[in-house]
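Have a look at the structure below before the remarks.
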Amino acid sequence: MSLRALSAEVVIHSDDRPLSIDHPAPGRAAPPDPAPPRGARLRGVAVALLGGLVACSVGETWDQQNLDTLVGHDGFTRINARPFASALGAPGVDIDVDPASVAAYRRIDPDRTGSGAQLPRGAMIVRTVLDARGQVTRLTMMVKGPPGYDPTLGDWWFAVTDPDGVPVSEGGLPLIGALAACHECHIDRASDDFLFGVRAADR
């Protein structure tokens, strides 16, 4: 359901009492502040609810923007010279990085740590997984999010998708966002912006 449809359903009617307080007549003390009218309180609840829906919508929009950009990764730079075998068992892998992040990414090598490389905010990386026939079977995506997105892992956003960019599910949950499974592999690479890079022999 769209945000507009949801907002249409959250229609809160007031009890038609005025929301302003009348000034007292001259010489009379002002009455104590009344409790907010029921309608005002309900309107406050509606605003808070719709604010939450907008926040969710913004997050979902960012996810989808990342997916849309990374599935085609047009204009990205291929880091490896040819597909190379993955340490995770895939017969072939290609790595593509957005142009603004290429120089920093190339400083990182999976065989050593301590490069000190830091990719810029908004950096995008696509890992294309190939089968033995060279057909794409899966995409692993990374985007460096805004400060505080996931400070335990350099604010990196992850997604694991099918070749069309649709997140795959594991245990009934889509593999997108700050993924615990990705933490397990990347957490020891803090001095390389939590990245592995590509071996010099494969570039």
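Bear in mind these aren't lab numbers, they're just calculated from the coordinates by the rules spelled out. All of these numbers come straight from a predicted model, not from anything done at the bench. Backbone-built Cβ (ideal geometry, glycine too); neighbour counts: all protein chains shown.
Across the range 194-203, coupling constants 3J(HN,Hα) worked out from phi with the 6.51/-1.76/1.60 Karplus curve, θ = phi - 60°, read 6, 10, 9, x, 10, 4, 4, 5, 9, 8 Hz, and Gly and Pro carry x.
Work through the residues other than Pro163 whose Cβ is under 12 Å from its Cβ and net out their charges, Lys, Arg +1 and Asp, Glu -1. It works out to a net charge of -2. Each Lys or Arg adds one and each Asp or Glu subtracts one; over the other residues with Cβ under 14 Å from the Cβ of Met124, this totals -3.
For the range 77-202, the Kirkwood estimate of the hydrodynamic radius, built from every pair of different alpha carbons, is 14.9 Å.
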